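Chemist: Dumping the structure here so I can ask a few things about it.
The values are calculated or read from the model by the stated rules, or taken from the named source; none is laboratory data. Please read all numbers here as calculations on a predicted model, not as lab measurements. Cβ: placed from backbone, ideal geometry, glycine included. Neighbour counts: every protein chain shown.
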Amino acid sequence: MRFDFSAFQKKSKSKSNKVKTNIYTTIKKNIYCVAGINLDGTYYAVDIQTNEKYTISSRSYSIKTNIYYSQELIEGKRLHITELKKKDTSKRPTLYLPFAPGVGLLGNLVKNNVIENNIMFDLIKTFDMPKDNDIACREFFNFKDNYEEIRQNIINKYANSSI
């Protein structure tokens, strides 16, 4: 008869029927872009070097940061940078985002493995662009000049939430 004096090991309950898939594949790392907004209220990233536009990935909207940008113009001036706690942003999630038109973005270019031929920009962090940067100025003034139309389209898109 044999005795086993080794330490008792608890068997883990593995979720073998749960399959993990990687939605994104990184194509290029550490790309510098500027945030922009379409008239329909959807955001994009403009590559500083190539001037190409990429859709911003959905997970970029919820990155952890201490700085959130108001999506409204404050007295017609540059967007107001607001430091908020996460609980404050959940009250009006479409009003405060980790980026805004004209803000610098650092992130990766990724391919969506679920949607065919869909390359996106995946945000890592934001930064202030120099005031004389052509792309940042163009994207901010596009937002400022079309603010009422963009805002109304966002309101229509999120009719159930208060903006």
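Chemist: Is it the case that Thr65 is within 21 Å of Pro130 (Cβ to Cβ), part of a loop (DSSP other than H, G, I, E, B), at pLDDT below 95 and not small (Gly, Ala, Ser)?
Modeler: Criteria met by Thr65.
Chemist: Return the total of residues in the stretch 46-76 being touching a residue at least 40 places away in the same chain (Cβ under 8 Å), among the β-branched types (Val, Ile, Thr) and out of contact with any strand residue (DSSP E or B) (no Cβ under 8 Å at 6 or more places or on another chain).
Modeler: 0
Chemist: Can you tell me which residues in the stretch 109-137 are touching a strand residue (DSSP E or B) at 6+ places or on another chain (Cβ under 8 Å) and farther than 21 Å from Ile63 by Cβ?
Modeler: Asn133, Ile135
Chemist: Can you pull out every residue in the stretch 92-139 that is closer than 16 Å to Leu73 by Cβ, in contact with a helix residue (DSSP H, G or I) (Cβ under 7 Å, 6 or more places away or on another chain) and part of a loop (DSSP other than H, G, I, E, B)?
Modeler: Thr94, Pro101, Gly102
Chemist: Next question, about the same structure. Which residues, taken from the stretch 36-62, are at pLDDT 90 or above, loosely packed, with under 13 Cβ neighbours inside 10 Å and at negative phi?
Modeler: The answer is Leu39, Asp40, Gln49, Thr50.
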